[in-house]
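Contents: one structure, followed by commentary.
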Amino acid sequence: KLAGIGKFFFIGNMAHFPNEIQSLAKDIAQKSSRRKGMNVALALSYGGRAEILSAAEKIRGVKGPLTEKMFSRFLQTRNMPDPDMIIRSGGEQRLSNFLLWQGAYSELFFTGTLWPEFSKKEFRAMLDEYAHRQKRFGK
């Protein structure tokens with residue numbers, strides 16, 4: 001058990017992984033589905049453009065007006081809230097095809113620190129900065 005961790009989500013093309021890994025991911029997601037706390041998403045073989053194209057393919061023929069809410073129901077992340085913040089480590093300052101739809105109103109943080117060296121202290125500093133940002137959600 002990890003303190004404060006709630007639901008685990010796995011997104012991406014899991015078909016690229018052995019059946020054992022696919023089963024383990026499904027089991028972890030199912031067992032954590034009722035937990036409260038911070039949501040954790042693990043993206044494996046994931047691409048935002050592929051996810052959007054897949055959703056567009058699935059929505060073909062659906063009756064009624066196309067809305068953002070309706071479209072979101074066809075994404076792999078349909079059971080997840082949009083991220084409040086996205087942290088990009090390693091000095092890159094781009095999204096690199098990551099959560100393109102869902103990250104529309106996320107606060108972005110960039111750090112030169114490589115992920116394995118990312119510390120609690122740096123994360124807390126980002127959380128402090130996040131708390132002081134004004135979020136307008138496109139308005």
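The values are calculated or read from the model by the stated rules, or taken from the named source; none is laboratory data. Just so we're clear, the structure is a prediction, and the values are computed from it rather than from any experiment. Positions of Cβ are backbone-derived with ideal geometry, glycine not excepted, and every protein chain shown enters the neighbour counts. Each accessible area value is taken on the protein alone, full model and side chains, heavy atoms only, with ligands, DNA and RNA left out. Shrake-Rupley method; radii C 1.70, N 1.55, O 1.52, S 1.80 Å.
The table that follows gives values for the structure above.
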read-out: Residues of region 97-117 that turn out to be among the polar types (S, T, N, Q) and over 13 Å from the mean Cα position of the chain (by Cα), as a count; value: 2
read-out: Total residues in region 1-60, condition within 21 Å of TRP101 (Cα to Cα) and β-branched (Val, Ile, Thr); value: 4
read-out: Cross-chain or 6+ apart pairs with Cβ under 8 Å, region 65-77 first and free of Cβ contacts under 8 Å to residues at least 12 places away in the same chain and farther than 13 Å from LEU100 by Cα, then assigned to a loop (DSSP other than H, G, I, E, B) and open to solvent by less than 70 Å² (accessible area, probe 1.4 Å); value: MET70/VAL62; MET70/GLY64
read-out: Within region 60-81, tally of residues that are assigned to a loop (DSSP other than H, G, I, E, B) and open to solvent by less than 90 Å² (accessible area, probe 1.4 Å); value: 10
read-out: Matching option when the condition is among the hydrophobic types (A, V, I, L, M, F, W, C), in a helix (DSSP H, G or I) and loosely packed, with under 14 Cβ neighbours inside 10 Å, among ALA29, ALA55, ALA15, ALA25; value: ALA15
read-out: Flag if SER45 is within 17 Å of the chain's Cα centre (by Cα), closer than 24 Å to MET85 by Cβ and at pLDDT below 90; value: no
read-out: Residue check, LYS36 at pLDDT 90 or above, open to solvent by 50 Å² or more (accessible area, probe 1.4 Å) and either not aromatic (Phe, Trp, Tyr) or not in a strand (DSSP E or B) (or both); value: no
read-out: Which listed residue is touching a residue at least 12 places away in the same chain (Cβ under 8 Å), touching a strand residue (DSSP E or B) at 6+ places or on another chain (Cβ under 8 Å), part of a helix (DSSP H, G or I) and open to solvent by less than 90 Å² (accessible area, probe 1.4 Å), from GLY103, GLY6; value: GLY103
read-out: Complete set of residues in region 107-139 that are modelled with pLDDT under 90 and surrounded by 10 or more Cβ atoms within 10 Å (Cβ to Cβ); value: TRP115, LYS135
read-out: Restricting region 106-116 to residues that are touching a strand residue (DSSP E or B) at 6+ places or on another chain (Cβ under 8 Å) and outside any loop (DSSP other than H, G, I, E, B), the residue that is nearest to ARG136 (Cα to Cα); value: GLU107
